[in-house]
1. Return the total of residues in region 76-111 being part of a helix (DSSP H, G or I) and within 14 Å of C35 (Cβ to Cβ).
2. Would you say V73 is touching a strand residue (DSSP E or B) at 6+ places or on another chain (Cβ under 9 Å) and either in a helix (DSSP H, G or I) or not hydrophobic (A, V, I, L, M, F, W, C) (or both)?
3. Are there any pairs, at least 6 apart or on different chains, whose C-beta atoms fall under 6 Å, with the first in region 28-44 and closer than 15 Å to P9 by Cβ and the second surrounded by fewer than 16 Cβ atoms within 10 Å (Cβ to Cβ), and if so, which?
4. Out of curiosity, is I66 more than 18 Å from F32 (Cα to Cα), crowded, with 16+ Cβ neighbours inside 10 Å and not small (G, A, S)?
5. Among the residues of region 79-108, what is the count of those that are aliphatic (A, V, I, L, M) and in contact with a strand residue (DSSP E or B) (Cβ under 6 Å, 6 or more places away or on another chain)?
6. Among (1) loosely packed, with under 13 Cβ neighbours inside 10 Å; (2) of a type in the set (A, V, I, L, M); (3) touching a Gly at 6+ places or on another chain (Cβ under 7 Å), which single condition is V44 missing?
Amino acid sequence: MKNMFGIAPEPFYSGSWNKSKLHSPSTHKSVFDVCLYKKPGLCVVDAAVALRGTHLSGRRKNIGLILAGFDPVAVDAVGSRLLGHNPKSIEYLRLANGLLGSMDNIEILDG
């Protein structure tokens with residue numbers, strides 16, 4: 001869902017594409033607000049190789065999957081679970097749960 005930050009127009013970033021403004025005061029609330037403005041339609045996550053830990057300096061984890069779905073909350077919940085997180089502990093997912101999708105009763109299709 002955070003990738004939706006890319007839909008904000010350049011003037012929102014003060015004349016450049018620096019998205020740091022969206023991280024303040026709360027990245028979680030910004031993710032939720034942007035997705036409320038424009039709910040993602042189809043969500044595709046390349047989970048072949050992921051980073052665990054911090055954004056650009058995390059540890060690589062080979063997962064070997066592609067996640068896809070029409071429910072952005074469910075897709076991000078599954079992705080967070082694959083990284084070892086409890087999706088219910090992630091603020092933007094809690095805010096979006098029930099409004100933009102659901103992290104309850106997720107059906108995973110393997111095929």
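Every read-out reported here was derived from the displayed coordinates using simple, explicitly stated rules and does not represent laboratory data. Keep in mind that what you see is a predicted model, and the values were worked out from it rather than measured. All Cβ positions, glycine included, derive from the backbone under ideal geometry; neighbour counts span all protein chains shown.
1. 8
2. So V73 fits the description; yes.
3. K38/I7
4. no
5. Here is the first cut: in region 79-108, the ones aliphatic (A, V, I, L, M) are 82-83, 90, 93, 95-96, 99-100, 103, 106, 108.
Of the ones still in play, those that are also in contact with a strand residue (DSSP E or B) (Cβ under 6 Å, 6 or more places away or on another chain) are 82-83, 103.
Number satisfying all stated conditions: 3.
6. For V44, the failing item is (3).
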